[in-house]
């Protein structure tokens, strides 16, 4: 696909990287991140950078041992490199379980 500016779009998206960045820059002016969102975003960014640099290695899923579609599950976002590696299906299940626990506690 081609963006309205004429550049190729990002896979599965309607805009190119430059147009998306421009849109998000304006959008963020009126949609500020909360402190919690900022902390989560920073933790994810730090971990991704360390994985990309080869400092942190992805480990097999802690539940089933799968090595495909791995995702990091942060138990504590203040410790960005301390994660539990889970495959996509187990990560979704863990996240849904935690969300249910939070709503039932309130």
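The values are calculated or read from the model by the stated rules, or taken from the named source; none is laboratory data. Being a predicted model, the structure only gives us computed values, none of them experimental. Every residue, glycine as well, gets a Cβ built from its backbone with ideal geometry; the counts of neighbours run over all protein chains shown.
Key figures
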item: Some residue of region 15-29 being closer than 28 Å to residue 91 by Cα, in a helix (DSSP H, G or I) and under 16 Å from the mean Cα position of the chain (by Cα); result: no
item: All positions within region 43-66 that are out of contact with any strand residue (DSSP E or B) (no Cβ under 6 Å at 6 or more places or on another chain) and either in the same structural domain as residue 5 (by TED's automatic domain parsing) or surrounded by 12 or more Cβ atoms within 10 Å (Cβ to Cβ) (or both); result: 44, 46, 48, 49, 50, 51, 56, 60, 63
item: Criterion (surrounded by fewer than 11 Cβ atoms within 10 Å (Cβ to Cβ) and either out of contact with any strand residue (DSSP E or B) (no Cβ under 7 Å at 6 or more places or on another chain) or closer than 29 Å to residue 7 by Cα (or both)) met by exactly one of 40, 32; result: 32
